[in-house]
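Worksheet: the structure to be examined is printed underneath.
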Amino acid sequence: MQNFKSLIVDSKDSEVYTELRSIGIDDLSQGDVVIEVHYSCVNYKDALASKAGTGVIRNYPMVLGIDLSGVVVSSESSDFNPGDEVLVTGYNLGVNHSGGFSEYARVPSEWVVPLPEGLSLKEAMIIGTAGFTAAQSVYYLEESGMFPEKGPVLVQGATGGVGSFAIAILRNLNYTIEAVSRKKETSTAYLTGLGADTILHPDEVRLDPLKPLAKQRWSGVVDPVGGEQLPHLFAQIKSFGAIALSGNAGGIKFDSTVLPFILRGIRLIGVDSVNCPLDLRRHLWELLSSEWKPGDLEQLIDQEVTLLELPSAFEKILAGKMTGRTLVKVK
């Protein structure tokens with residue numbers, strides 16, 4: 001196989017940098033399936049991985065990109081054949097294993113999901129890890145007993161990838177949705193277009209002063225943000241409601257009490273999309289290709305970029321200027 005282009009993060013003299021390099025198949029991590037990558041997408045984790053001191057990347061150099069979709073070129077596994085359309089998200093892709101910001105990828109067959117009917121390679125990466133994490137969050141909340149008649153659902157970080165997809169999925173399932181965004185003034189049209197019923201600024205969900213228990217407002221919460229806002233949410237979740245926590249953009253620490261948990265029976269559910277079991281992973285992708293699939297996936301695209309344009313996309317997402325998804329067209 002001839003050399004191909006990949007976006008590499010590397011370190012030299014304690015400085016971390018990204019560059020587009022020409023590499024060969026032997027420069028990729030080991031795996032029994034080789035995929036010609038057609039699309040990828042930009043996640044917050046991808047942007048963090050391009051920076052020093054974030055702890056995302058521990059071994060340099062590394063091909064970035066935690067998502068990919070494409071066509072199998074060769075396979076040592078009987079589960080896949082050349083020409084199969086597939087997708088890969090999660091596991092160690094783009095973190096400890098060369099990732100999807102590359103014209104070719106080589107991965108273990110256990111990570112590969114056949115592209116479900118009802119999705120194109122492009123649509124799969126409009127969804128990507130962000131949409132998958134949103135689907136996993138909603139799935140866990142419904143497993144915990146959430147249903148539309150129980151009351152509104154709050155979506156934190158609503159203009160981000162996870163938040164945007166959570167709104168679109170919840171709308172398909174007939175929930176009443178309250179969306180939280182610091183960009184309330186500029187994002188209302190976008191969020192209501194996705195299906196949000198009410199748009200709130202983060203200050204409108206905070207309690208002043210903070211109390212362990214307050215008026216019960218939401219039957220469930222999708223939260224890709226985390227941080228010090230969490231105790232304010234705990235206090236306002238309805239009895240036996242739950243919060244699905246999948247991110248730390250708001251910080252990794254919070255200070256709370258046990259009272260909402262033991263007096264209202266609320267649940268805090270951790271969402272780990274990286275190590276999601278394969279059977280659940282395939283089930284959720286089937287849902288995302290059918291009844292949970294947003295009606296207009298294109299409206300979720302903020303921008304489409306090439307491998308060369310990725311560094312500027314990283315800066316945009318880290319600056320909090322993203323609304324929706326950044327699609328990466330590789331081929």
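Which one is most open to solvent (accessible area, probe 1.4 Å), of the residues in region 79-113 that are in contact (Cβ under 8 Å) with a residue 40 or more places away in the chain and on the phi > 0 side of the Ramachandran plot? My answer is TYR91.
Is at least one residue of region 103-126 of a type in the set (Lys, Arg) and farther than 17 Å from GLY161 by Cβ? Yes, region 103-126 has at least one match. For region 6-16, the condition holds for at least one residue, the condition being that it is acidic (Asp, Glu) and loosely packed, with under 13 Cβ neighbours inside 10 Å.
With the condition kept exactly as written, say whether any residue in region 17-26 is of a type outside the set (Ser, Thr, Tyr), open to solvent by 60 Å² or more (accessible area, probe 1.4 Å) and in a loop (DSSP other than H, G, I, E, B). No, the conditions are met nowhere in region 17-26. Exactly one residue out of PRO152, PRO116 is of a type outside the set (Gly, Ala, Ser), under 15 Å from SER219 (Cα atoms), touching a residue at least 12 places away in the same chain (Cβ under 8 Å) and touching a Lys or Arg at 6+ places or on another chain (Cβ under 9 Å): that is PRO152.
Residues that are buried (at least 21 other Cβ atoms within 10 Å of the Cβ) and of a type in the set (A, V, I, L, M) were ranked within region 45-60; the one that is farthest from the chain's Cα centre (by Cα) is ILE57. Each residue in region 306-324 was checked for being outside any helix (DSSP H, G or I) and open to solvent by 10 Å² or more (accessible area, probe 1.4 Å), and 9 pass. Scanning region 61-78 for residues that are surrounded by fewer than 18 Cβ atoms within 10 Å (Cβ to Cβ), touching a residue at least 40 places away in the same chain (Cβ under 8 Å) and either among the polar types (S, T, N, Q) or closer than 15 Å to TYR44 by Cα (or both) returns SER74, SER77. If you go through region 280-301 and keep only what is open to solvent by 30 Å² or more (accessible area, probe 1.4 Å) and either more than 19 Å from LEU121 (Cβ to Cβ) or out of contact with any strand residue (DSSP E or B) (no Cβ under 7 Å at 6 or more places or on another chain) (or both), you end up with HIS283, GLU286, SER290, GLU291, LYS293, GLY295, ASP296, GLU298, GLN299.
The values are calculated or read from the model by the stated rules, or taken from the named source; none is laboratory data. Just so it is clear, the structure is predicted and the values come from calculations on it, not from any experiment. In this analysis, Cβ positions are derived from the backbone assuming ideal geometry, glycine residues included, and neighbour counts consider all displayed protein chains. To get the accessible areas, we keep the full protein, side chains included, count just its heavy atoms, and leave off ligands, DNA and RNA. Shrake-Rupley method; radii C 1.70, N 1.55, O 1.52, S 1.80 Å.
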